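The values are calculated or read from the model by the stated rules, or taken from the named source; none is laboratory data. What you see is a predicted model, and the numbers here were worked out from it, not measured in a lab. Reconstructed Cβ throughout: ideal geometry from the backbone, glycine too, with neighbour counts over all protein chains shown. The protein model used for the area step is the full one, side chains on, heavy atoms only, and it has no ligands, DNA or RNA in it. Shrake-Rupley method; radii C 1.70, N 1.55, O 1.52, S 1.80 Å.
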Amino acid sequence: MKVAVFNTKRFEKPFLEAAARDAGISLTYLEPRLDATTAPLAAGHDAVLIFVNDVADRASLEKLASGGVRLLATRSAGFNQIDFSAARELGISLAYVPEYSPNAVAEFTIGLILTLGRHIHEGHNRVRRADFSLEGLCGFELRDKTVGVCGTGRIGTEVVKLLSGFGCRILAYDDAPSEEVTLLASCVDSKEELFRYSDILTLHVPLMPSTYHLIDAAALSTMKDGVFLINTSRGGLIDTRAAVDALKNRKIGFLAIDVYEEEASLFFENRSSDIIADDTFARLLTFPNVIVTGHQAFLTDHALRNIVETTFQSLKEFAGGKPLTHSVPAPSLE
Ligand code: NAD
C-alpha cells in the first residue's frame, strides 16, 4: 500500500517512520499542504494523510481521486477541512483520529488560563531582562471565579475534571451533556445562560456551520465585562474582528487562543522573517492581555504516538478491506 503524507512535520516523522516500518507500509513524505494545486503529487498512491490546515475541498478531492487515491485520513480530531459529500461522491473513504489525547488539549487549556490569569509569561520576560518589579502582575484566583465550559465532549469533560480541583464554580453547556459532567458542573440549558454568568469561558465545541462565529459581537455583548475567553478548539468559533473590538472597549479582559480563523496561512511554519499581512492578527499580538499560541495544544509525545497508532489502524483496516473503525461521521443537517 502506497501512502502520501501531506504537510509532514518534523516532530511527527519519527513516529510515522516507526509505524510504517512495523506495518510494512510505504510512506511518501510531502512538505506542502494539500490543496488543488498540490493534490497531483499524490498520484499513484492508495491513500493520503492530511493535517488540520490542509484543504480537502471538492477540487482537491477530485484530483486525488483521479490520481487513484481511495482513502484520506486526517491526523487530527477535527475534520472541518474535509468536504464530506464530495469525498462520498468520489468514492474516497475518510478516516480521522477521534480521540488521541483529550488530556493534552485540556491541560494546555488550564495552562493558558493560569499563564494569562497570573501573568506568568510577562513575569518570565521581566526576570530575563533583570526587571524584578511586580507592578501590573497582580492576578486572580480560580476559586473566586465562575468558569463556563462550552462543549463537554472528550476535551471539555477533561477540562471540567481538571477545573474541579481548583475550587471554582463550573458551568457546562452541551447539546448532549454527559452524566460524568453533571456530577462536577452545573449544566445550563442554553449558551446564552453560559455566556451571561461566566467570568471565564472556554470553547470546546467543534467548528460546524452552526458554531461558526459562535462568539460574535452580539454574543460578546451578553457577557460579563472583562470576560476571560479561551479558544483551543477551532479559530472559526470566534469572530476575531469582534474580539479585537471587545478587547479595545475592555469587554474582553483576557483572551487566550491556540487557534485562529485565518491560521492556515500563518501557523506551523517559522515566519519570523516574513511581513505579517494579516492586520487583525497583527493587532491581536499588540494587546498585553492576549496570548496566542500556534495550534500546539495537541502536541505531546503521548498524543503523537496515539495519532500515528490510530491512523495506521485505519490504513491497515483499509488495506485489508475491513470497515473503518474511525471513519469520519456524516455531518449533521444543522
Ligand atoms: P467531541 O466531539 O468529543 O466533543 C464536542 C462536544 O461539543 C460534543 O459533546 C457535542 O455534543 C458538543 N456540541 C456540538 N455542537 C454544539 C453546540 N452547538 N452547542 C453545544 N455543544 C455542542 O470533540 P473533542 O474531542 O472534545 O474536540 C473538540 C474540538 O477540539 C474538536 O472539534 C477540534 O476542533 C478541537 N481540537 C483542537 C486541538 C488543538 O490542538 N487545539 C486538538 C484536538 C481537538
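Table for the structure above
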quantity	calculated
Residue within segment 275-294 that is touching an Asp or Glu at 6+ places or on another chain (Cβ under 7 Å), at negative phi, aromatic (Phe, Trp, Tyr) and surrounded by 21 or more Cβ atoms within 10 Å (Cβ to Cβ) present	no
Residue list for segment 191-219, restricted to those being away from the ligand (no atom under 12 Å from the Cβ), among the hydroxyl-bearing types (Ser, Thr, Tyr) and open to solvent by 50 Å² or more (accessible area, probe 1.4 Å)	Tyr197
Single condition Val328 does not satisfy, out of (1) in contact (Cβ under 8 Å) with a residue 60 or more places away in the chain; (2) within 15 Å of the ligand (Cβ to nearest atom); (3) of a type in the set (A, V, I, L, M, F, W, C); (4) assigned by TED's automatic domain parsing to the domain that holds Lys224	(4)
Which numbered condition Asn80 misses (of (1) open to solvent by 50 Å² or more (accessible area, probe 1.4 Å); (2) within 13 Å of the chain's Cα centre (by Cα); (3) assigned by TED's automatic domain parsing to the domain that holds Cys168)	(3)
Evaluation of Ala277 against (1) in a loop (DSSP other than H, G, I, E, B); (2) within 13 Å of the ligand (Cβ to nearest atom) (one fails), failing number	(2)
Boolean, Val127 is open to solvent by 50 Å² or more (accessible area, probe 1.4 Å), hydrophobic (A, V, I, L, M, F, W, C) and in a helix (DSSP H, G or I)	yes
Within segment 163-190, tally of residues that are open to solvent by 70 Å² or more (accessible area, probe 1.4 Å), within 13 Å of the ligand (Cβ to nearest atom) and of a type in the set (D, E, K, R)	4
